[in-house]
């Protein structure tokens, strides 16, 4: 049982390829800091976004405020303090700040210098998510917020989910940018077949992200849908800075795609639809929050379909978690090793390039 | 719900302030290595002080010995070994050392070189504490040991406590040097009111530390004392290298301070007294032992008062622990961020300056 | 109780000695990757050897294959994938590799470049162990595999054991290279007496390791043998790159050694024999696998002796574990501190020198 002679592949010299190292964080973009309903009226929550501690605070009138979760006095987190009359009281030595970040009182101190203040962040609450702008506040244009309107559309029934991956954020984005993994990571949960890997998606570069579209023909129905007939699936999603996925999946009777020559068939042919909004928010270099919504059109939203879809989705993302953690471990053992992208990686390559260029700028 | 326009405070440029980085350790000083009763006759204990492994060993005659807890042979800890006839036997390969650190036997070796020996530390046992001098042994003057005499005064009843904080030692010292935090961290446990932060302490620099004194007028009684009348409190403590707090709190009927013009009133006006001796002993850059004694004059020391005082004190220090750990986390996320000391910080600023100067020397 | 005056040993200047720092890994050698029976037919196992992720895969015909446990596509571990028709299918995006490392299929990709392949390692299965060559495959000579023939000798009854130490591999090798520690670490488990430290072994340098031999005279019988008479023990072992111990212990009636003038007595005087094969396989700088076999000649192998020997051996190695972990902690606290080898350390010094020279070459 000796195989010492079978060494046909000494370690190949890798002069090309994609670095497996950690990527920097996007700046000048809207991060999903949390679900709206995670911050109740007159409460606050501390979160860390791209290594910045951020305090989310909801005023009595419902408006949300984001400021550094770090008192400028001794760097204690303000989120351990209290809300007093709409102001934030540090729980260590009592400095009191307005929602503008200005210090309005320091116990025992007559005059506090103007430089003693807290950095605030542009913040917008939209579509069930709290969006915080990390970067140059002058550039914080709400028009740049990805459209997660399906999250709170009256036509949709939504279930929220969340998990934390102990990996660099870029690995989670890589995962979401190449759905060929469905065939190998999610055959059990999503019932995904080989076509997810055997076919090629159409990838289009967007100003702040990429669009990925594909037809999957003559598939078994999704496990959370009635198992009546085989279907054609038109799957399309945008993946937008800093890591927001907006997906719609349209299911038609098998054969419909060919009948319409791969164009989007008229609405009356639609059997059912599913959607997903997901956000990948880095905490630090080895911690990434993953917020996801599974979305069912109200017309199809029996309690069973809604529950099944969410259960299947959550199970699938636990499958991703196992793979991502294992992949990160191998990467950390292999500092010099590069990834070798294939044609399926067109979206991951584009998105990584956008991030590298934004960081270099 | 859009606040993107309210950015009144972009991150202020911080050109002044106090570094939030870890501080070095004091050298040339007496560290509290342990409680006396932690080392029984003819036993030994391994402790780490400022990253130095130290073996505490009590001889049969009761005398304490401190030496490196590191055999010079293979660097195994001697504390895993045994005591044989008043000598220390390494538990790995059997090197045997006298309490002077000299090797008196190495199994199978006829002649051991004189350089094969263990470093010993000057050590003094006093006031229930084992004090170890880390630094130049030529300078180890027992007169420099802080006076923790209340720890074993026959007039006092003492309860010992201990906890470990996973933070840099300087944060624990900062905490103890500015009691304005009592108003915000300890309103529940100590029942401390806003006056702790609204008033200013008198801070005096000492040759090896600082003295902090203040009157608090017309206060509710401490929660562990009879709730009979409002009181004036004269709170005074020395905070001495490398982190030893010696505190006395004197309680008088409300109005006494004014009657005596803020001077120490004659003894007959004293209602009650409390005291505390505490030691902050760094283990490493992120681990700090905190030893504390709650002290009640024997005359007032009903079992209930003694127990209540200790329970309240322990609860309060758990409140500090939560704040300190959260503060350390924020500091570690904010490498460039500086602290902005206020007037209350005079004692923290002086003590940090003394440490920086000692380290530079 | 003042000992401040007894400082007879200020920290000695250490100009000579052995560095306590981590050692590099051996290259160009056969590492024990696992027990043969850990990899069943048509299964695979991921292991890490000297920071290299290695996939062990047994083909249907029983032959073992070793290749990098890292898909060259996105660096996911192949061990999370599947075996398909004797090939390895990556579980992330479906790349399929032959046991030669060549990619035979990438779903959806017509032509895969030849450089897209997995590094394979020379691997030999011998004597119950799977040996993997880490280093230059051109030099992978099976003749360099240490002779662990006792592991599967028909004359022997073998029990397998395994543990993981959270220390640098060199500390485990040091431990095994100096059995004087038996007298102090293993008096309870092995019943080892002072003679293990009081006598000196004969150490011979080998081309790839060291040989250690010694007589122990008039000893109590090993605790797992019949307690009938005192014995002379002839203990001999080779310790071979990268950390493989091959040991035989021969027990004679007390007095036999002198009768034969320290030479190996004729076979008929042998009372009983024991043997051990052990492998120290580094995972990373602070993790080391330790695989061991306790071996009893079939003639003596009552179930009780076999079980007792293995239980005693395992208990003894748990004693080592406590010491090794404590030693590593002290070393990590003492970056500048050096070890001071004694005459007993001749084998540790030779083996460390061989490793340093191999690394420098």
For region C:79-125, what are the residues that are more than 21 Å from residue A:198 (Cβ to Cβ) and assigned to a loop (DSSP other than H, G, I, E, B)?
C:86, C:99, C:100, C:101, C:114, C:115, C:118, C:119, C:122
With the requirement that a residue be at the interface with another protein chain (Cβ under 9 Å from one of its Cβ atoms), crowded, with 19+ Cβ neighbours inside 10 Å and over 28 Å from the mean Cα position of the chain (by Cα), what does region A:99-115 give you?
A:101, A:106, A:107, A:108, A:109
Cross-chain or 6+ apart pairs with Cβ under 7 Å, region B:195-209 first and more than 9 Å from chain A (Cβ to nearest Cβ) and surrounded by 22 or more Cβ atoms within 10 Å (Cβ to Cβ), then modelled with pLDDT of 95 or more and in a loop (DSSP other than H, G, I, E, B)
B:209/B:241
Going through (1) more than 17 Å from residue A:181 (Cβ to Cβ); (2) not in a strand (DSSP E or B) one by one, residue C:75 fails only at (1)
Select from region C:320-337 the residues that are modelled with pLDDT of 95 or more, more than 8 Å from chain B (Cβ to nearest Cβ) and surrounded by fewer than 19 Cβ atoms within 10 Å (Cβ to Cβ) and list them in ascending order.
C:321, C:325, C:332
Can you find a residue in region B:339-353 that is part of a helix (DSSP H, G or I), surrounded by fewer than 21 Cβ atoms within 10 Å (Cβ to Cβ), modelled with pLDDT under 95 and more than 12 Å from every other protein chain (Cβ to nearest Cβ)?
no
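Do we have any residue at all in region C:149-156 that's part of a loop (DSSP other than H, G, I, E, B), surrounded by 20 or more Cβ atoms within 10 Å (Cβ to Cβ) and at pLDDT 95 or above?
Filtering region C:149-156 for residues part of a loop (DSSP other than H, G, I, E, B) gives C:153-155.
Filter once more, keeping what is surrounded by 20 or more Cβ atoms within 10 Å (Cβ to Cβ): none.
No, there is no match, as no residue in region C:149-156 is part of a loop (DSSP other than H, G, I, E, B), surrounded by 20 or more Cβ atoms within 10 Å (Cβ to Cβ) and at pLDDT 95 or above.
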Consider region C:122-145. How many of its residues are more than 8 Å from chain A (Cβ to nearest Cβ) and touching a residue at least 60 places away in the same chain (Cβ under 8 Å)?
12
Would it be correct to say that residue B:294 is modelled with pLDDT under 95 and outside any helix (DSSP H, G or I)?
yes
I'd like to check something: does region A:30-42 contain any residue that is at pLDDT 95 or above and farther than 21 Å from residue A:280 by Cβ?
no
Failed condition for residue B:182, given (1) surrounded by fewer than 16 Cβ atoms within 10 Å (Cβ to Cβ); (2) touching a helix residue (DSSP H, G or I) at 6+ places or on another chain (Cβ under 6 Å); (3) free of Cβ contacts under 8 Å to residues at least 60 places away in the same chain, with all others met?
(1)
Would it be correct to say that residue B:191 is touching a residue at least 12 places away in the same chain (Cβ under 8 Å), farther than 25 Å from residue B:126 by Cβ and more than 14 Å from chain A (Cβ to nearest Cβ)?
yes
On the basis of being at the interface with chain A (Cβ under 7 Å from one of its Cβ atoms) and either touching a helix residue (DSSP H, G or I) at 6+ places or on another chain (Cβ under 6 Å) or more than 29 Å from residue A:167 (Cβ to Cβ) (or both), does residue C:70 make the cut?
yes
Whichever residue in region A:79-98 is touching a helix residue (DSSP H, G or I) at 6+ places or on another chain (Cβ under 9 Å) and more than 20 Å from residue B:171 (Cβ to Cβ) and, among such residues, is farthest from the other protein chains (Cβ to nearest Cβ)
A:88
Reported set for region C:39-63 where residues are surrounded by fewer than 17 Cβ atoms within 10 Å (Cβ to Cβ), more than 13 Å from every other protein chain (Cβ to nearest Cβ) and in contact (Cβ under 8 Å) with a residue 40 or more places away in the chain is C:42, C:43
Exactly one of A:4, A:76, A:20 is facing another protein chain (nearest Cβ under 7 Å), closer than 30 Å to residue A:288 by Cβ, buried (at least 17 other Cβ atoms within 10 Å of the Cβ) and at pLDDT below 90, and that residue is A:20
Restricted to region A:202-221 and to residues being closer than 18 Å to residue A:256 by Cα and in a loop (DSSP other than H, G, I, E, B), the residue modelled with the highest pLDDT is A:220
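Just for region C:242-291: of the residues that are outside any strand (DSSP E or B) and in contact with a helix residue (DSSP H, G or I) (Cβ under 7 Å, 6 or more places away or on another chain), which one is surrounded by the fewest Cβ atoms within 10 Å (Cβ to Cβ)?
Looking only at region C:242-291, we keep the residues that are outside any strand (DSSP E or B), and these are C:242-243, C:254-271, C:285-286.
Then drop every residue that is not in contact with a helix residue (DSSP H, G or I) (Cβ under 7 Å, 6 or more places away or on another chain), which leaves C:243, C:256, C:265, C:269.
Values: C:243: 28, C:256: 20, C:265: 18, C:269: 15.
That would be C:269.
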Looking at region C:162-186, which of its residues are at the interface with chain B (Cβ under 10 Å from one of its Cβ atoms) and assigned to a loop (DSSP other than H, G, I, E, B)?
C:178
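The values are calculated or read from the model by the stated rules, or taken from the named source; none is laboratory data. None of the values given here were measured: they were computed from a predicted structure. Here Cβ is always computed from backbone atoms with ideal geometry, including for glycine, and neighbour counts include all displayed protein chains.
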